[in-house]
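The structure appears right after this line, and notes come after that.
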Amino acid sequence: MSMSKSLVAEFIGTFWLVLGGCGSAVLAATFISNGAMIGESTHFPLGIGLVGVSLAFGLTVVTMAYAIGHISGCHLNPAVSCGLVAAGRFPASQLVPYIIAQVLGAILAAVILYIIASGDGSYGGLASNGYAAHSPGGYSVVAALVCEIVMTFVFLMVIIGATDKRAPAGFAPIAIGLCLTLIHLISIPVTNTSVNPARSTGPALVEMVTGIQNAAVGQLWLFWVAPIIGAILAGIVYKAVFETSES
């Protein structure tokens, strides 16, 4: 597959991950209907909650893995690309172009989500990641750092293991998507769950540009450093401990 096609696939795939995942958090997590469609005047909750948001992130990966996995590998995440380089599964020469495509896709998704979310006049953010005062549960920078490193480490172990030639064929997208769902179920209260520098960058930049807040941009360093550390560690560990000539 040509490099240009792979980059377009990564752009579209990361766009979908951010739009689908962050979109579910912003638009549907705590949605309250006014009953307009059924003629009622009372409000009632229809939100999908944390479980729904977690599932949405997992579904974006599953759907795109089947759609573009054969084109670009469906990384959708700079940390994943770095981890695969460390594991010897992806050429380092393609790393920077992949990361650029992923970040641009995430930014466009955040822009589109902003346009949609601001349509009802109550826009308050794009589900950006953060720690301390910007953490959903008020978790410290140390807690956020450890959480993001460990969660990304496990995520890459599952990705690398599920795509090993010795693993059952055809089921990797399901395992990877369910892993991302579980990661969100664990860590949304801590950091709003990143494990993906591109996913963190898009919403943070758009929130800053639209004047909502600058905290996410100021804390963005953690959501690049921690996921990449966790991913590289996973790549090194899997290659050293589990890799064989059949892999």
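The values are calculated or read from the model by the stated rules, or taken from the named source; none is laboratory data. Please read all numbers here as calculations on a predicted model, not as lab measurements. Glycine gets a Cβ as well: all are built from the backbone with ideal geometry, and neighbour counts include every protein chain shown. The protein model used for the area step is the full one, side chains on, heavy atoms only, and it has no ligands, DNA or RNA in it. Shrake-Rupley method; radii C 1.70, N 1.55, O 1.52, S 1.80 Å.
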Out of A106, A86, A67, a Gaussian network model of the chain with alpha-carbon springs under 10 Å gives the largest mean-square fluctuation to A67
Measure off 7 Å from each Cα along the Cα-to-Cβ vector at A132 and A28, then give the distance between these two points in nanometres to one decimal. 3.5 nm
For the chain, what does -39500 (n - 2.57) per DSSP helix run (n ≥ 4), summed and divided by total residues, give at 222 nm, in deg cm²/dmol to the nearest 500? -21000 deg cm²/dmol
For Q213 and S93, what does the FRET efficiency come to when R0 = 41 Å and r is the distance between their Cβ atoms, rounded to the nearest 0.05? 0.65
Protein accessible area in segment 103-145, 1.4 Å probe - carbon and sulfur %: 66 percent
In nm, spacing of pseudo-spin labels at W221 and T244 (7 Å Cα→C-beta vector): 4.4 nm
Cα gyration tensor shape for segment 102-204, rounded if a/c is under 1.5, else prolate or oblate: oblate
Hydrodynamic radius (Kirkwood) for segment 42-181, which is based on Cα pairs only, to one decimal in Å: 17.2 Å
Report the full-extension gain for the segment I116 to V51: residue separation times 0.36 nm, less the Cα-Cα distance, to one decimal in nm. 21.2 nm
If you filter segment 130-203 for trypsin sites (Lys or Arg not before Pro), then keep DSSP loop positions with at most 11 other Cβ within 10 Å, what is left? K165, R166
Can you bin segment 103-162 into rounded, prolate or oblate? Criterion: square roots of the alpha carbon gyration tensor eigenvalues sorted a ≥ b ≥ c, rounded for a/c under 1.5, prolate for a/b above b/c, oblate for the rest. oblate
Set the Förster radius R0 to 22 Å, insert the Cβ-Cβ distance between S2 and F171 as r into 1/(1 + (r/R0)^6), and round the FRET efficiency to 0.05. 0.20
Ordered by number, the chymotrypsin sites (Phe, Trp or Tyr not before Pro) in segment 168-247 that occupy a DSSP loop and have at most 12 other Cβ atoms within 10 Å are F171, W221
Compactness relative to 2.2 N^0.38 Å, alpha carbon Rg of the chain: 1.01
Student exercise, the chain dipole from Lys, Arg, Asp, Glu Cβ charges, in Debye to nearest 20: 400 debye
Within the chain, which is the longest segment that contains none of the GluC sites (Glu not before Pro) sitting in a DSSP loop with at most 11 other Cβ atoms within 10 Å? 41-245
So which residue, out of N196, N77, N214, gets the largest mean-square fluctuation from a GNM of the chain using Cα contacts under 10 Å as springs? N214
Apply the Karplus parameterisation 6.51 cos²θ - 1.76 cosθ + 1.60, with θ equal to phi minus 60°, to every residue of segment 216-222 and state each ³J(HN,Hα) to the nearest whole Hz, in sequence, with x for glycine and proline. 4, 5, x, 9, 4, 3, 5
For segment 120-247, averaging the sequence separation of alpha carbon pairs under 8 Å that lie six or more residues apart and dividing by its residue count, the contact order in percent is 39 percent
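Sequence gap at least 6, Cα distance under 8 Å: using those rules, report the relative contact order of the chain to the nearest whole percent.
It rounds to 28 percent for the chain.
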Tell me, what HN-Hα J-couplings in whole Hz come from the Karplus equation 6.51 cos²θ - 1.76 cosθ + 1.60 at θ = phi - 60° for each residue of segment 46-61, using x for Gly and Pro? 10, x, 8, x, 5, 5, x, 5, 4, 5, 4, 4, x, 5, 4, 5
